[in-house]
Amino acid sequence: MLSSALTRALALFGLIITFLLPTTPADASAPLRQHAAARGKFIGTALATGPLAGETSYRSIAGAEFNQITAENAMKWDATEPSQGQFAFSGADAIVDFAVQNDQQVHGHTLVWHSQTPGWVQSLGAAQMRAAMQNHISRVVGRYADNPAVVSWDVVNEVFDDNGNLRTSFWYNTLGQSYIADAFRAARAADPDARLCINDYNVEGINAKSTAMYNLVATLRQQGVPVDCVGFQGHLAIQYGFPNDLRQNLERFAALGVQVRITELDIRLQTPRDATKDATQATYYRNVVNACLAVTACAGVTIWGFTDRHSWVPDTFPGQGAALIYDENYQKKPSYTAVHDALAGGTTDPTPPTTPGTPAVSGVTATSATLTWAASIDTGGSGLAGYTVYREQGATDPPLAQSTGNTVTLTGLSPNTAYQVYVRARDGAGNQSAASPTASFTTTGGTGTGACTATGTVQTQWNTGYVMQPVTVANTGTSGITGWTVTFTLPAGHTVTGSWNAVLSVSGQNVTARNAGYNGTLAPGASTSFGFQVSRPGGDTRTPGGYDCM
Ligand code: 9MR
């Protein structure tokens with residue numbers, strides 16, 4: 001038998017060896033959940049009951065890689081109480097049982113939502129609807145109240161419109177705003193230990209909707225309503241840009257005393273995938289994970305599924321997809337590695353770079369200008385990664401350009417337009433500096449001869465697009481013209497999807513429209529028109545500007 005001193009010495013030796021051995025190979029093969037747990041966070045996935053029952057790879061990856069589970073659909077009202085008082089928990093139980101087997105937490109999703117709620121609920125009168133809501137919450141939350149795996153709930157989901165008004169859902173229209181507080185109180189009563197969340201999309205950055213949510217959470221908590229947690233869904237798309245103020249936004253909510261979490265992360269792109277899109281997507285995933293890691297109150301990140309084989313995106317956004325971290329054949333994508341490496345990444349750099357100097361403006365033309373500023377310094381360890389130039393526009397300031405050095409030439413600007421711009425630096429950990437002081441300049445008047453003018457009108461629009469029709473081209477000169485060229489600028493993130501009565505060419509956000517074969521000739525005073533269709537980020541109501549005709 002070994003003496004206890006020798007045993008201790010061997011144990012210590014083992015410990016020293018463990019520390020001295022290179023850890024990289026083991027780390028690289030360790031699953032996401034192991035790294036997340038070491039950082040005190042969860043890394044989660046939504047699960048669908050069909051593949052969970054039927055696909056071995058789905059089950060094994062879900063069990064091995066994630067330490068938190070959300071039911072993608074199985075706990076929603078249409079699944080759990082399809083007719084009044086008739087509760088059905090087979091799908092929800094399958095998810096919870098899987099989580100228990102795999103030592104995972106379950107986040108319940110979702111109790112009160114305007115979508116996937118049966119018609120019988122929607123047609124109730126106020127008193128009955130309130131009672132049905134309370135009964136539903138009591139039964140669904142109550143079923144799992146004693147199950148230690150089920151730790152949190154989305155109590156209300158998507159209660160806001162994108163402009164920050166409360167959504168005029170059947171809940172709101174029948175019960176008024178009070179349904180929200182009532183739902184939280186009912187959930188608390190059903191499980192005093194569960195963490196209760198409000199959840200929404202398009203609230204990742206600081207904008208009208210996230211500010212409305214912030215104000216609501218602050219007010220509810222002041223009133224003693226048990227809101228413990230805020231979920232930021234995180235349905236992002238690489239073509240619409242990254243919400244660079246995500247961390248700052250998480251921090252302002254954390255300051256209210258709530259836990260925050262990313263609840264439904266996916267990052268779609270216009271299919272087919274390619275290496276460039278994959279790399280951009282990977283950067284987005286890394287940035288989201290790093291933002292959560294940098295905020296103490298952020299509990300973790302849930303990805304909305306994990307394999308492109310099963311994702312809601314292509315059905316909802318035709319032509320887009322490939323939004324997850326495994327491909328359709330269960331192979332890891334660059335985004336998996338990005339999530340993995342961010343979680344494994346050791347210490348986080350909490351210090352943003354110093355504030356850039358005031359931009360000096362030079363070389364102003366109709367569509368471009370050059371900015372140069374005193375460089376920032378990053379002392380936090382992750383290194384200066386670059387700068388973003390923003391246009392000062394009030395509530396949401398759109399990024400105009402990114403650079404790695406302390407100068408950049410802005411292109412695609414609108415002629416004859418006043419710009420106020422400022423710069424922020426960012427480091428390798430995603431920290432952003434404070435904004436530099438703003439600089440102002442006005443672009444020149446363009447290259448038009450004055451012989452013609454162009455004006456655009458929105459004919460019709462929907463959440464994710466609009467039709468510009470007519471764009472009227474008028475010969476305002478005194479002699480006839482035999483051809484015309486109209487230039488204009490699309491808002492960032494908007495893309496032309498079709499056009500008629502002109503030939504369009506698009507370069508970045510700059511569009512050039514030339515007359516078709518049949519409408520180039522315009523007598524003095526005559527006019528013609530063309531039209532085009534644009535797809536835009538949901539709810540982004542900006543329209544093209546800077547029309548110039550020559
Ligand atoms: O991913 C879910 C999809 O399978 C359902 O058909 C859809 C129905 O509304 O809901 C999807 O999940 C949504 C989630 O519950 C709430 N936030 C938005 C998600 C994507 O639409």
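No value in this document is a laboratory result; all are computed from the given coordinates. Because the structure is predicted, anything quoted here is derived from the model rather than measured. Backbone-built Cβ (ideal geometry, glycine too); neighbour counts: all protein chains shown.
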Return the sequence-ordered ³J(HN,Hα) values of the stretch 242-259 in whole Hz as given by the Karplus equation 6.51 cos²θ - 1.76 cosθ + 1.60 applied to θ = phi - 60°, using x for Gly and Pro.
8, x, 5, 9, 3, 4, 4, 5, 4, 5, 5, 5, 4, 5, 7, x, 9, 6
Value of relative contact order over the chain, rounded to a whole percent, pairs C-alpha under 8 Å and six or more apart:
9 percent
Interchain or sequence-distant (5+) residues whose placed amide H lies within less than 5 Å of the amide H of GLN105 are GLN68, ILE69
Taking the Cα atoms only, what angle lies between the long axis of helix 208-222 and the longest principal axis of the chain, rounded to 10 degrees?
40 degrees
From the cross-link list LYS41/LYS333; LYS41/LYS209; LYS209/LYS332; LYS41/LYS332, the entries with a Cα-Cα span beyond 28 Å are LYS209/LYS332
When the dipole is taken about the Cα centre of the stretch 415-550, and only Lys, Arg (+1) and Asp, Glu (-1) are charged at their Cβ, what size is it in debye, to the nearest 20?
100 debye
In sequence order, what are the phi-derived ³J(HN,Hα) couplings for the stretch 36-51 according to the Karplus relation 6.51 cos²θ - 1.76 cosθ + 1.60 with θ = phi - 60°, rounded to whole Hz, with x for glycine and proline?
4, 4, 5, 9, x, 10, 9, 10, x, 9, 7, 10, 9, 5, x, x
Just the number, please: percent antiparallel of the DSSP beta bridges in the chain, rounded to the nearest 5.
65 percent
Among PRO524, VAL96, ALA37, flag the residue with its Cα farthest along the positive direction of the charge dipole of the chain, charges on Cβ as +1 for Lys/Arg and -1 for Asp/Glu.
PRO524
Multiply the residue separation of ASN215 and THR482 by 0.36 nm, subtract the distance between their alpha-carbon atoms, and state the gained length in nm to one decimal.
90.3 nm
Mind checking the full-extension length gain between THR457 and GLN420? Use 0.36 nm per residue of separation minus the Cα-Cα distance, one decimal, nm.
10.7 nm
By how many degrees, between 0 and 90 and to the nearest 10, does the Cα long axis of helix 178-190 differ from the longest principal axis of the chain?
20 degrees
Compute the Rg to Rh ratio over the chain from the alpha carbon atoms, using the Kirkwood formula for Rh, and round to two decimal places.
1.04
Note down the magnitude of the dipole of the chain about its Cα centre, charges +1 on Lys and Arg C-beta and -1 on Asp and Glu C-beta and zero elsewhere, to the nearest 20 debye.
480 debye
Run through every distinct alpha carbon pair of the stretch 403-442 and return the Kirkwood hydrodynamic radius in angstroms, one decimal place.
12.0 Å
Measure nothing fancy, just the Cα-based angle from helix 4-20's long axis to the longest principal axis of the chain, in degrees from 0 to 90, nearest 10.
10 degrees
Hey, rough spin-label estimate for THR379 and THR495, points 7 angstrom out along Cα→Cβ, what's it come to in nanometres?
4.4 nm
Quarter of the Cα convex hull surface for the stretch 229-386, i.e. its orientation-mean projected area (nm²):
12.0 nm²
Give me the distance in nm between label points sitting 7 Å out from Cα along the Cα-to-Cβ direction at TYR518 and VAL467, one decimal.
1.8 nm
Once you have the Cα-Cα distance between ASP78 and ALA126, take 0.36 nm times their residue separation minus that, and quote the gain in nm to one decimal.
15.3 nm
Relative contact order (%) - the stretch 235-311, alpha-carbon pairs under 8 angstrom, separation at least six:
41 percent
